[in-house]
Each structure stands twice: as C-alpha cells, then as structure tokens.
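None of the figures in this text is laboratory data; all of them are computed from the coordinates on show. All values derive from a computational prediction rather than experimental measurement. Neighbour counts run over all protein chains shown; Cβ positions are idealised from the backbone, glycine included.
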Amino acid sequence: MTMRILGYSYEATIVCPACALADAEEGRIIPDGRIRFEHDEHGLLDNLEDHHGNPLRPVFSTDEGAHDEFCGSCLERLEWCL
Ligand SMILES: [Zn+2]
C-alpha cells in the first residue's frame, strides 16, 4: 500500500489537503521561515505552521484510524477529498 497524505493536523483539528491549500493561500497557515523546504504531494510547503507556531502534522493513509477522519473545515471524509 502506498503511503499518502490524507490530511493535515493543526489548530486542534484535521483538515483535508484542499482545505489546507486554501488556508495556506489565505495566510491562516504560514511558512516558518526555514530556507530549505519542499513541496509535498499536494503542493503544500513542508514548513508550514499555524499561528501558534505549531508545525502542520501530516496524516498518513497508514496512520491508524486515518480513513475514518473527517475534515474539520469542509466536513468531508478525508479519503473522499483526494
Ligand atoms: Zn476539507
């Protein structure tokens, strides 16, 4: 099974990739200023953090219970958002 990123954990919730991208565009999650960073499989920078300075934690398809998680923003099931 290929490990995929189903969503991201930040601001005390889990958010699907589409909603995380929208949050990044609107400045709700911001790069932490590191010089070296990569884009992940959804095009999101890997150095993003929330406004409390906590880094985004990817939720992987191999994580226990990940397939039962819902996006806290659009309320869709994470695996349906891909
Ligand atoms: Zn969503």
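Does Ile29 satisfy the condition of being free of Cβ contacts under 8 Å to residues at least 60 places away in the same chain and within 16 Å of the ligand (Cβ to nearest atom)?
Working: free of Cβ contacts under 8 Å to residues at least 60 places away in the same chain: yes; within 16 Å of the ligand (Cβ to nearest atom): yes.
Against the criterion (free of Cβ contacts under 8 Å to residues at least 60 places away in the same chain and within 16 Å of the ligand (Cβ to nearest atom)), Ile29 qualifies.
Before we move on, is Glu38 within 14 Å of the ligand (Cβ to nearest atom) and either touching a residue at least 60 places away in the same chain (Cβ under 8 Å) or exposed (fewer than 15 other Cβ atoms within 10 Å of the Cβ) (or both)?
No.
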